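Q: There's a structure below that I have some questions on.
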Amino acid sequence: MLLKSDRRRWALAGIAAVAAIGTCVAPYAAADEGGTAAKAQKKAAALEEVWRTDFDGDAGSLPSGDDWIIDKGHSYPGGPDNWGTGEIQEYTDSTENIQLDGEGHLKITAKKNGENWTSARIETQRTDFAAPEGGKMRIEAGLKLPNVSGDKALGYWPAFWTLGDAYRGNYHNWPGVGEFDIMENVNGQNTTHGVLHCGVNPGGPCNETTGIGKARDCSGDCKGEFREYAIELDRSGGTEELRWYVDGEQFHSVKESDMDAKTWADATNHGHFILLNLAMGGAFPDGVAGSKTPTAATESGHSLTVDYVSVESTGGASK
């Protein structure tokens, strides 16, 4: 288990191995005080944590209502059925599906009751997480994926992602408002997916409903150990860019130049809210499996475990 006092050190240790990331300090910086490395260090210092949840609390309690909304049912009121993805579970606020473990983690657990599945989904109260003009935003979390594989894992779909602020209360303006899938994993595979959804559905510059995505195999075990998953929205250069990371290693990017200016701005240059959920079944796991999921072989009771969620930004973003 990762101790609270070690969390930031753990996150930075994973990042520091990759000098190209704008939020880290290159290990050779001290030896090049007047050069490029020093400038990178100065730039890194400007990235400031503006929001964080560590999921401290008593075992069996729910995440703080000051920070999180617990979604319930099979859709938003008036929104698309099955959350717009075809997932089959009912989201609840039962401690069978969502609770703190008393050791600084949140556990979201999928359960089968008879023929029905239940699980949990939360989203931040705040909808204003944004990269300021000329600056950056980084959203990251420490996650341990459901420890299940093979036929027993069919249908499991943990996700860490964001939606544009205009989606809240509307529910019919997707994908134009933007969706950043920071981490998706399906069917217990040792693979993470990063995806941008934007524009119109179907088709458009983001090839909806698929989105612009890339997969990355986990180095080591994504299910038995915590890994750091992050996205950066960088508006500090001549061309704005989204970048996806696992343990500090970039594996995907989408640039402003990959689409028209309006589509990019509509998807990125505004507030976002953060979501964590463990879905069962739906278009993504079904598509990967090549058949309907979950199945009779799918095993109940596995969890997405969350260590922390944080947001960092530059350029004077509001705290």
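Any read-out appearing in this document is the output of simple, stated calculations on the displayed coordinates, not a laboratory observation. Just so it is clear, the structure is predicted and the values come from calculations on it, not from any experiment. As a convention, Cβ positions derive from the backbone with ideal geometry for all residues, glycine included, and neighbour counts pool all protein chains shown.
Q: Considering every Cα-Cα pair within region 42-140, what fraction, in whole percent, is farther apart than 24 Å? Display every interim value, and only then the final one.
A: Details: 1912 of 4851 pairs.
Beyond 24 Å sits 39 percent of the P(r) for region 42-140.
Q: Mind listing the long-range amide H neighbours of residue 308? Cut-off is under 5 Å, sequence gap 5 or more, other chains count too, H placed in the peptide plane at 1.01 Å from N.
A: Correct list: 142.
Q: Given Cα pairs under 8 Å that are at least 6 residues apart, what percent is the relative contact order of region 167-274? Numbers along the way, then the final one.
A: On the way: 183 pairs, mean separation 24.1, N = 108.
Reported as a whole number, the value is 22 percent.
Q: Quickly work out the residue 191-to-residue 251 label distance, labels modelled 7 Å from Cα along the C-beta direction, and quote it in nm with one decimal.
A: 1.0 nm
Q: With N set to the residue count of region 48-313, report its C-alpha Rg divided by 2.2 N^0.38 Å to two decimal places.
A: 0.94
Q: Residues in region 98-117 near a label at residue 296, defined as backbone nitrogen under 16 Å from the 7 Å Cα→Cβ point?
A: 114-116
Q: Using 1/(1 + (r/R0)^6) with R0 = 35 angstrom and r between the beta carbons of residue 207 and residue 133, what's the FRET efficiency to the nearest 0.05?
A: Values: r = 28 Å, r/R0 = 0.79.
According to the calculation, E is roughly 0.80.
Q: Ok, one more. Return a whole-number percent for the relative contact order of region 48-313, with Cα pairs under 8 Å and 6 or more residues apart as the contact set. Walk me through the numbers before you get to the answer.
A: Working: 707 pairs, mean separation 78.6, N = 266.
With pairs under 8 Å counted, the relative contact order is 30 percent.
Q: Determine, for region 48-313, the count of lysine pairs separated by eight or more sequence positions (or lying on different chains) whose alpha-carbon distance falls under 22 Å.
A: 24
Q: If neighbour count is taken as other Cβ atoms inside 10 Å, put 160, 273, 251 in order from fewest to most. Can you show the working numbers first?
A: Details: 160 25, 273 19, 251 15.
Ascending Cβ contact count within 10 Å gives the list 251, 273, 160.
Q: Right, next: Using only the Cα atoms of region 115-160, build the gyration tensor, take square roots of its eigenvalues as a ≥ b ≥ c, and label the shape rounded, prolate or oblate: rounded if a/c is under 1.5, else prolate if a/b is larger than b/c, else oblate. Mind dumping the intermediate values first?
A: On the way: a/c = 4.10, a/b = 2.22, b/c = 1.85.
In terms of gyration-tensor shape, prolate.
Q: Pop the C-beta distance of residue 103 and residue 52 into the FRET formula with R0 = 30 Å and round what comes out to the nearest 0.05. Mind dumping the intermediate values first?
A: Numbers: r = 17 Å, r/R0 = 0.58.
Efficiency for this residue pair is about 0.95.
Q: Quick check on the exposure proxy: order 100, 62 from fewest to most C-beta atoms within 10 angstrom.
A: Numbers: 100 21, 62 17.
With the sparsest Cβ surroundings first, the list reads 62, 100.
Q: Cα convex hull of region 199-297: mean projected area in nm², to one decimal? Could the numbers behind the result be given before it?
A: Details: hull surface 33.9 nm².
Mean projected area of the Cα convex hull: 8.5 nm².
Q: Could you give the nm distance between label points at residue 283 and residue 81, where each point is 7 Å from its Cα heading toward the beta carbon?
A: 1.5 nm
Q: Mind checking region 222-303 for GluC sites (Glu not before Pro) that DSSP puts in a loop (not H, G, I, E or B) and that have at most 16 other Cβ atoms within 10 Å?
A: Numbers: sites: 225, 228, 232, 240, 241, 249, 256, 299; in loops: 225, 240, 299.
Filter output for region 222-303: 225.
Q: Which value in nm describes the separation of the simple spin-label points at residue 225 and residue 116, placed 7 Å from the Cα toward the beta carbon?
A: It is 4.0 nm.
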